[in-house]
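A short worksheet on the structure shown next.
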Protein chains: 2
Amino acid sequence: MDETQELEERFAQLREDLKGNYLQDFRENFLEMHIYEQSQFYQTLEKKQRQLVYAYLSPKELADMFDALEEDNENIKDYLGEMRANYASEMLAQMYTDNAVDLLNTLDKKQMGKYLSLMDEEDASEIKELLHYEDETAGAIMTTEFVSIVANQTVRSAMYVLKKVAKAAETIYYTYVVDQDNQLVGVISLRDLLVSDDDEMVADILNDRVISVHVGDDQEDVAQTFRDYDFLALPVTDYEDHLLGIVTVDDIIDVIDDEAASDYSGLAGVNVEEVHENPVKAASKRLPWLITLLFLGMATASLINHYEALVSEASILAAFITLITGTAGNAGTQSLAVAVRRLAFNDNKAKSYLQTIFGEVLTGVVTGFITGLTILVIVWIWKGNPILGFVIGMAMMCAITVANLAGSLIPMFMDKLGFDPAVASGPFITTLSDLTSVLIYFNIASLFMSYFIG
Amino acid sequence: MDETQELEERFAQLREDLKGNYLQDFRENFLEMHIYEQSQFYQTLEKKQRQLVYAYLSPKELADMFDALEEDNENIKDYLGEMRANYASEMLAQMYTDNAVDLLNTLDKKQMGKYLSLMDEEDASEIKELLHYEDETAGAIMTTEFVSIVANQTVRSAMYVLKKVAKAAETIYYTYVVDQDNQLVGVISLRDLLVSDDDEMVADILNDRVISVHVGDDQEDVAQTFRDYDFLALPVTDYEDHLLGIVTVDDIIDVIDDEAASDYSGLAGVNVEEVHENPVKAASKRLPWLITLLFLGMATASLINHYEALVSEASILAAFITLITGTAGNAGTQSLAVAVRRLAFNDNKAKSYLQTIFGEVLTGVVTGFITGLTILVIVWIWKGNPILGFVIGMAMMCAITVANLAGSLIPMFMDKLGFDPAVASGPFITTLSDLTSVLIYFNIASLFMSYFIG
């Protein structure tokens, strides 16, 4: 609470500085803050105040702050648009390449071209290279501001290189060792350099079993390597082991957050990251799913309608429709979630497919049996009709087993087709299992009809 | 694929080394690997082979590997049990304190006491201190192996200190500056030390606006600070600003993963992290939820039963029960997910409560209106009965609005009561909305009964 208050006071002071045109005070107070706080402050400003900021700060100083802005900020386009084009382009050139690329990707082609044409050639070509990589790959999240040296030098000279580039590099805590063809041959941590003798050769102390990722690797796989090895950065190479860039752990945290949000969204059938919209916009995002599922639900409705004769003869059957469809839907949702997670965290997929489906169906039989038995007893006591209890219990057990089968089968199927299994949603599985459950229920009821109608 | 294969060959070689009792070869080949790979290899071994490993490696060497084992590994108890107690206790003392604590926490009190009593006093007391902190707080995930110095020295002497402690510290990339009372006064990164002149004073170059977390802070808040500031480590202090430890980014990745898994589990109504169980065990974990919801579902069943007269008079009504309950359940699940996420990523809760509920209800009205209109048209065409269509559409709209209200209200309520809002599950909301939807549906149907019965 104290820290928030202190920050609020700072922000107020900075606004005063802007108001009074106290350039020097503003610069001092602003640059003293962490870039994240700078970005928080910047986002509270009006357009007129922001114009002053652009006048007071160098493109490099603004670039540092823009490195801390979230890439999915909706206002970035406006921010860039209100700067002079030269200033904006210089700022983009000064940002870490990966962040500049994220930012440029939010613009339309024409604007992007304008800024790139204003940059000096080297900066522009570095950015253009990264723009080529497919979304959600190692190439798309890597940066080119890394430190690389050759092996044939002493620790002393390596440290000298490191000090020189320390300010521009995104991390200096790992130094990558390359040969004359820029092929990655090793890695050495700053910690190792520091504890080594100054006269030792880099070649003698480097770690030549370097873990790297390929530029086309999926960002989820890159994140998994970070989890396993606890690295702060990983080198990215092409198929011939040329060092292209590095991925740093802060970008991996964003990847992990994004993947988690998309898994959660998938299960709920709604994009949970778009939460700051007005109700009409929010509704327009949710309706496609709801209407699609409404049509699937219509299949269930017409199925029940098909059995109208059965229902009007034994209207007690209607009472248990939602109980059976609901419970099967709940069980199917559980299966779905387990299957999705198992797919995400398992390498040996072929084996895992069958194991998971088999396991889920067996789990369905067990849960179905116990749930079915419970409802049998309840109905027997409630209605004094053991046959009716048996019909409901039997339908429950079969419906749960089929729901578990569907819950585990659908993500596997998605995965086989090359989709992210996590888009398989809970609402979809519950709506689908409504259909199968009703089918099972009325078929079993028809079979035993003559026995339970008093 | 290549890397996996190479690793498999290494593992095979190591097994050969163990088989032939080639101590020296084993040590060389084993210690050359990254600790994560060492731990992967170790976990493929039989008990007899592991016993050899304990004979071949020093407690410190084994400790490094144990630092890379996942804390939730089920076999840790067995591993420790099969070592000599002295060896195990020495190994625990050599691990990073936070990891040792995680590991000890999986043991029973008696075993824990045994190992602690065998350690030298300093190690034991460090561990005991950490054992006191409540689960899921900064104190529980911090480590005590950090570097702290006083401000009143030159960069040269600070670098000298750093080199000396580099091997034992969990990270040397941030050095924390404390006063004579061990109160945190600043932080300096290794990068800053490296680019500064050797004769400069630490006091002149340190950053005195140091961001820290409190030892009792929730681990989710700590993770949020890491996300905002992109730090590699954060200092942990008590209420009087005494420096107690640091939290490192690799532990934060585990926190983020755990929280994501628990959110996902909550929404699905199943613990997705326990996936390697046999079907009976898996069923026993899922049944409590299913049976609880079965009883809630019974309320819906008896409600429908209550309207038996209505259903037997107009059995067409039965056909639309699952359509209405299903669609409302889907909408409620969407609301729930949005509300849970909004609570997790919003500081200003009081304001957010009302805003979220209001927004969700309005979204419900809009989606309900359009979905209701759609079904009105469908039923009108299908059954040639506009009044029936109106009844179904009206019920749909009201049911969706109420489901959205429930979906946003329940997580807020949980949060108010001090529970994690993420435990509010999709299955619960769908089962609850079955009840409200049926209530709404039959009431509206009763009202218009005389108009749509042909």
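The values are calculated or read from the model by the stated rules, or taken from the named source; none is laboratory data. Computed from a predicted model, the values in this text were never measured in an experiment. Quick reminder, even Gly has a Cβ in these numbers, built from the backbone with ideal geometry, and neighbours come from all protein chains shown. Accessible surface is based on the protein model in full, side chains and every heavy atom, while ligands, DNA and RNA are left aside. Shrake-Rupley method; radii C 1.70, N 1.55, O 1.52, S 1.80 Å.
For peptide A:259-272, how many partner chain Cβ atoms fall within 10 Å of a residue's Cβ, on average?
Neighbouring Cβ atoms belonging to other protein chains average 6 per residue here.
For a Förster distance of 35 Å, can you work out the FRET efficiency between the beta-carbons of A:Glu273 and B:Thr4, rounded to the nearest 0.05? It would help to have the intermediate numbers written out before the result.
Numbers: r = 34 Å, r/R0 = 0.97.
After rounding, the FRET efficiency stands at 0.55.
Suppose the chain between B:Ile381 and B:Tyr239 were pulled fully straight at 0.36 nm per residue; how much longer would it get relative to their current alpha carbon spacing?
Values: separation 142, 0.36 × 142 = 51.12 nm, distance 6.98 nm.
Stretched fully, the B:Ile381-B:Tyr239 segment lengthens by 44.1 nm.
With a sphere of radius 11 Å drawn around the Cβ of A:Leu267, what net charge do the other residues whose Cβ falls strictly inside it have (Lys, Arg +1; Asp, Glu -1)?
Details: positive: A:Arg341; negative: A:Asp263, B:Asp263.
Surrounding charge for A:Leu267 is -1.
Once you list every other residue whose beta carbon is under 10 Å from the beta carbon of A:Arg156, what net charge do they have if Lys and Arg are +1 and Asp and Glu are -1?
Details: positive: none; negative: A:Asp197, A:Asp198, A:Asp199, A:Glu200.
Spelling it out: positives minus negatives among the neighbours equals -4.
How big is the range A:148-256 by the Kirkwood estimate over distinct Cα pairs, in Å?
Details: mean 1/r = 0.0697 Å⁻¹.
For the range A:148-256, the Kirkwood estimate is 14.4 Å.
FRET efficiency for A:Ile291 and A:Phe419, Cβ-Cβ distance as r, R0 = 30 Å, nearest 0.05? Show your work: numbers first, answer last.
Numbers: r = 21 Å, r/R0 = 0.69.
It comes to 0.90.
With a Cα-only, solvent-free Debye model of the range A:2-135, what are the log10 I(q)/I(0) values at q = 0.17 Å⁻¹?
Calculated log10 I(q)/I(0) at the listed q: -0.89.
Could you give the angle, 0 to 90 degrees to the nearest 10, between helix B:85-94's Cα long axis and the longest principal axis of the Cα atoms of chain B?
Taking Cα atoms only, the helix is inclined about 80 degrees.
Taking 30 Å as R0, compute the FRET efficiency from the Cβ-Cβ separation of A:Ser450 and B:Ala309 and round it to 0.05. Please list the in-between numbers first.
Details: r = 24 Å, r/R0 = 0.79.
Efficiency at R0 = 30 Å is approximately 0.80.
Largest first and in whole Å, what are the equivalent-ellipsoid semi-axes of the range B:279-452 based on the Cα gyration tensor, each being the root of 5 times an eigenvalue? Spell out each step's value before the answer.
Details: eigenvalues 193, 90, 29 Å².
The answer is 31, 21, 12 Å, longest axis first.
Please state the charge dipole magnitude for the range B:279-452, taken about the Cα centre, from unit charges on C-beta atoms (+1 on K and R, -1 on D and E), reported in debye and rounded to the nearest 20.
Working: 9 positive and 7 negative charges, 94 e Å.
Magnitude of the dipole: close to 460 debye.
Helix B:426-452: angle to the longest alpha-carbon principal axis of chain B, degrees 0 to 90, nearest 10?
Its long axis makes an angle of about 10 degrees.
To the nearest 20 debye, what is the magnitude of the charge dipole of the protein assembly as shown about its Cα centre, counting +1 on the Cβ of each Lys and Arg and -1 on the Cβ of each Asp and Glu?
Numbers: 60 positive and 142 negative charges, 1098 e Å.
Roughly 5280 debye for the protein assembly as shown.
Between A:Asn73 and A:Asp25, what is the spin-label point distance in nm, taking each point 7 Å from the Cα along the Cα→C-beta axis?
Once both label points are built, they end up 2.5 nm from each other.
Tally the DSSP beta bridges in the range B:148-248 and give the antiparallel ones as a percent, rounded to 5.
In the range B:148-248, approximately 70 percent of DSSP beta bridges are antiparallel ones.
Given axes a ≥ b ≥ c from the Cα gyration tensor, I'd like to know whether the protein assembly as shown is rounded (a/c under 1.5), prolate (a/b larger than b/c) or oblate.
Details: a/c = 2.19, a/b = 1.55, b/c = 1.41.
It comes out prolate by the Cα gyration axes.
Would you kindly work out, in nm and rounded to one decimal, the distances from the label point of B:Ala55 to those of the same position in each other copy, ordered shortest first, with label points 7 Å along Cα-to-Cβ?
Copy-to-copy label distances for B:Ala55: 8.1 nm.
Would you work out what percent of the accessible area of the protein assembly as shown, with all protein chains in place, is carbon or sulfur (probe 1.4 Å)?
Carbon and sulfur together cover 53 percent of it.
Express as a percent, rounded to the nearest 5, the fraction of DSSP beta bridges in the protein assembly as shown (both residues included) that run antiparallel. Kindly include the intermediate steps, with their values, before the conclusion.
Values: 30 of 40 bridges.
Given both bridge residues lie in the protein assembly as shown, the antiparallel proportion sits at roughly 75 percent.
Of B:Phe419, B:Ile357, B:Gln334, which is farthest on the positive side of the dipole of the range B:279-452, counting Cα position, with +1 on Lys and Arg Cβ, -1 on Asp and Glu Cβ, and the Cα centre as origin?
Of the listed residues, the answer is B:Phe419.
Please compute how much accessible surface disappears when A pairs with B, both sides summed, using a 1.4 Å probe, and round it to the nearest 100 Å².
Working: alone 25080 and 25100 Å², together 40210 Å².
When A and B are taken together, about 10000 Å² of accessible area is lost.
Which loop-located chymotrypsin sites (Phe, Trp or Tyr not before Pro) does the range A:227-313 contain, where loop means any DSSP state but H, G, I, E or B and the Cβ has at most 15 other Cβ atoms within 10 Å? The partial results should precede the final answer.
Values: sites: A:Tyr229, A:Phe231, A:Tyr239, A:Tyr264, A:Trp289, A:Phe295, A:Tyr307; in loops: A:Phe231, A:Tyr239, A:Tyr307.
Passing sites in the range A:227-313 are A:Tyr239.
Take every residue in peptide A:360-372, count the Cβ atoms of other chains within 10 Å of its Cβ, and give the average of those counts. Don't skip to the answer; put the middle values down first.
Values: counts 2, 1, 5, 11, 4, 2, 9, 11, 2, 1, 5, 7, 0.
Mean shielding count: 5.
Gap in Å between the Cα centre of the range A:294-329 and the Cα centre of the range B:380-420?
Here the two parts' Cα centres lie 19 Å apart.
Run through the range B:1-92 and list the GluC sites (Glu not before Pro) located in a DSSP loop whose Cβ has at most 10 other Cβ atoms within 10 Å. Could you put the intermediate results ahead of the total?
Numbers: sites: B:Glu3, B:Glu6, B:Glu8, B:Glu9, B:Glu16, B:Glu28, B:Glu32, B:Glu37, B:Glu46, B:Glu61, B:Glu70, B:Glu71, B:Glu74, B:Glu82, B:Glu90; in loops: B:Glu46, B:Glu70, B:Glu71, B:Glu74, B:Glu82.
Loop-located and lightly packed - B:Glu46, B:Glu74.
Run through the range B:120-190 and list the trypsin sites (Lys or Arg not before Pro) located in a DSSP loop whose Cβ has at most 12 other Cβ atoms within 10 Å.
Loop-located and lightly packed - B:Lys167.
Tell me the angle of helix B:386-416 to the major Cα principal axis of chain B, expressed in degrees between 0 and 90 and rounded to the nearest ten.
Orientation of helix B:386-416: about 30 degrees from the principal axis.
Could you name the lysines whose alpha carbon sits less than 25 Å from that of B:Lys281, not counting residues in the same chain fewer than 8 places away?
Correct list for B:Lys281: A:Lys349, A:Lys351, B:Lys77.
Roughly how compact is chain B, stated as its Cα Rg over 2.2 N^0.38 Å to two decimals? If you can, show how the numbers build up before the last one.
On the way: Rg = 30.4 Å, N = 454, 2.2 N^0.38 = 22.5 Å.
Normalised Rg, Cα atoms only: 1.35.
Please work out the Cα center distance from the range A:7-37 to the range B:50-78, rounded to the nearest Å.
52
For q = 0.17, 0.21 Å⁻¹, what log10 I(q)/I(0) does the range A:312-406 give under the Debye formula with an equal point scatterer on each alpha carbon and no solvent?
Log10 of I(q)/I(0), two decimals: -0.71, -0.94.
Compute, for chain B, the length of the dipole vector about the Cα centre, with Cβ point charges of +1 (Lys, Arg) and -1 (Asp, Glu) only. Units Debye, rounded to 20. Don't skip to the answer; put the middle values down first.
Working: 30 positive and 71 negative charges, 554 e Å.
Its charge dipole is roughly 2660 debye.
I want the local charge near A:Asp192. Using Cβ-Cβ distances under 12 Å, sum +1 for each Lys or Arg and -1 for each Asp or Glu among the other residues. Don't jump to the answer; show the numbers that get you there.
Details: positive: A:Arg191, B:Lys163, B:Lys167; negative: A:Asp197, A:Glu200, A:Asp204.
Residues close to A:Asp192 contribute a combined charge of 0.
Once you place label points 7 Å from the Cα toward the Cβ at B:Leu131 and A:Glu129, how far apart are they in nm?
Between B:Leu131 and A:Glu129, the simple spin-label model gives 5.4 nm.
Sticking with the crude label model, points 7 Å out along Cα→Cβ, report the distance from A:Asp228 to B:Asp181 in nm, one decimal please.
With each label point 7 Å from Cα toward Cβ, the separation is 4.9 nm.
Out of the DSSP beta bridges found with both residues in chain A, what percent are antiparallel (nearest 5)? Could you put the intermediate results ahead of the total?
Working: 15 of 20 bridges.
So the antiparallel bridges amount to about 75 percent of the total.
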